[in-house]
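Everything below concerns the one structure shown next.
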Amino acid sequence: MIRSIVRNGLLAAVCTVVLFSSSSSEALDSSPAAAKVVVTPLASVTTTASGQPIVLPQKNVQVLVSSFEIPPGATLPVHKHPSARYAYVLEGQLQVTNVDTGKGTSYKAGDFIVEMIGEWHQGANVGAEPVKLLVIDQVEEGTPNTVLKE
């Protein structure tokens, strides 16, 4: 189902409305009073977690949507992203550390992450339950958005 949504371009539109809009829910609601749509803005950002401006691919943009489940105690390999990556924490507690600066940030369920671009970092599940993420990448079509450090 997600693939068909992505193909139709609706996911990008929904993400834009939900994640970057601060407009009232009334504008999206044409249902009767008893069935109101509730829109809760989760984030409105212009920079990544490390303060960089968000820059999108300039041609043939492809939206990739993934779910991640990171078990308790697991640490992801050191990696970087050449393009924009967004993550929404559904469950658990994730610690993301920039390996060059040593600066770490903790994220919990309900947090929205705009990952750093081109900077080596790693994530670790520092909680007792699995970390579950909804991850959205915007890449140049056909290119990966994760580079592992050798």
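The values are calculated or read from the model by the stated rules, or taken from the named source; none is laboratory data. Keep in mind that this is a model prediction, so the values were computed, not measured. Here the Cβ positions follow ideal geometry from the backbone for every residue, glycine too, while neighbour counts run over all protein chains shown. SASA here: full protein model, heavy atoms, side chains in, ligands and nucleic acids out. Shrake-Rupley method; radii C 1.70, N 1.55, O 1.52, S 1.80 Å.
So the values come out like this:
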read-out	value
Given (1) free of Cβ contacts under 8 Å to residues at least 24 places away in the same chain; (2) in a strand (DSSP E or B); (3) among the charged types (D, E, K, R), index of the condition E150 fails	(2)
Residue that is farthest from P72 (Cα to Cα), among those in the stretch 133-150 that are touching a Phe, Trp or Tyr at 6+ places or on another chain (Cβ under 7 Å) and open to solvent by less than 90 Å² (accessible area, probe 1.4 Å)	I136
Tally of residues being in a strand (DSSP E or B) and either of a type in the set (D, E) or more than 19 Å from P77 (Cβ to Cβ) (or both) across the stretch 118-131	0
Selection within the stretch 57-84 - hydrophobic (A, V, I, L, M, F, W, C), closer than 18 Å to F112 by Cα and open to solvent by 70 Å² or more (accessible area, probe 1.4 Å)	none
